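Notes for the one structure printed next.
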Amino acid sequence: MTDRACHSHYHSVEPPPRGVHLQDPRRFTLERADPVRHGQTVRMLIDRMYSWRGLTPVGSHHGPHHNHHRTTLVTSSADEVFGTITVGIDSPAGLQADPLYRHELDAFRQRGRLLCEITGLAVDSPVQAKEALGGLFHLAYIQARLIDKADDVVIEVNPRHAPFYQRLLGFGQIGPLRHCQRVNAPAVLLHLAISHMDDHIARFGGTSPKHTRTLYPYFFSLAEQAVLLAQMQQAAN
């Protein structure tokens, strides 16, 4: 049995092949959010965690999404959602970061790079927080990179939180300090070439945290990733 803390949970999918186990006695679940089943819970989780950090989400942007350009993922235990993240893929409608950082984003678009962005990240777990974050970010990676073929990921964050993403995932700052109206707080724009995630997942996914001080050991192994990708693709059909 794997020592990973997360297991996949999709409706009408075949069990993993022998030798790849995605279950653990701690048992929390990763899945695409269902707007009906998870909608209110996701909004309440984001409101609670953002308010705790002194942020004020404005409008309906922080509800769960599942369409051609935005996918919300959740992690839960005993049907209680305690983590969520949304992946947005660039489209003619643009990204949520465009109002503040269109110049910076257009520089990538002009080079033919497909952008994605992370929004609505919230985790309320006093234990297994790194496992939950690793699982959520890995599913976000599978959606953005392996399914939607994105090249780069960006995220608007409060400058107080930027070191977390820089230290644990490898992001770098590309946008200056500005005021984000969506959460009524200062923000900076961070960027990561997803090829960096390719390399670090291959090297560290599913390994011991002693090998690196990043979040990548809490991602899944490449064998588990292949199972998750197949499940996500089948669930989307």
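The values are calculated or read from the model by the stated rules, or taken from the named source; none is laboratory data. Treat the numbers as computed from the prediction; the structure is a model and nothing was measured. Glycine gets a Cβ as well: all are built from the backbone with ideal geometry, and neighbour counts include every protein chain shown. Ligands, DNA and RNA are excluded from the accessible area calculation, which covers all protein heavy atoms including side chains. Shrake-Rupley method; radii C 1.70, N 1.55, O 1.52, S 1.80 Å.
Miscellaneous remarks
- Matching residues in the range 82-129 - criterion: being surrounded by 14 or more Cβ atoms within 10 Å (Cβ to Cβ), closer than 16 Å to Val154 by Cα and small (Gly, Ala, Ser): Gly88, Gly94, Ala97, Gly120
- Residue satisfying all of: in the range 103-148; out of contact with any strand residue (DSSP E or B) (no Cβ under 9 Å at 6 or more places or on another chain) and without any contact (Cβ under 8 Å) to a residue 60 or more places away in the chain; nearest to His161 (Cα to Cα) among these: Pro126
For every residue, the table says whether it meets (1) over 22 Å from His161 (Cβ atoms); (2) at pLDDT 95 or above; (3) aromatic (Phe, Trp, Tyr); (4) not in a loop (DSSP other than H, G, I, E, B).
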residue	(1), (2), (3), (4)
Val13	yes, no, no, no
Ser51	no, no, no, yes
Ser76	yes, no, no, yes
Phe82	no, no, yes, yes
Thr86	no, no, no, yes
Pro99	no, yes, no, yes
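- Unmet requirement for Leu192, which otherwise passes all of (1) under 21 Å from Leu146 (Cα atoms); (2) in a helix (DSSP H, G or I): (2)
- Failed condition for Val153, given (1) under 23 Å from Gly94 (Cβ atoms); (2) open to solvent by 20 Å² or more (accessible area, probe 1.4 Å): (2)
- Leading residue by the ranking (nearest to Leu168 (Cα to Cα)) among those in the range 199-219 that are under 16 Å from the mean Cα position of the chain (by Cα) and of a type in the set (A, V, I, L, M): Leu215
- Flag for Pro176 being part of a strand (DSSP E or B) and surrounded by fewer than 17 Cβ atoms within 10 Å (Cβ to Cβ): yes
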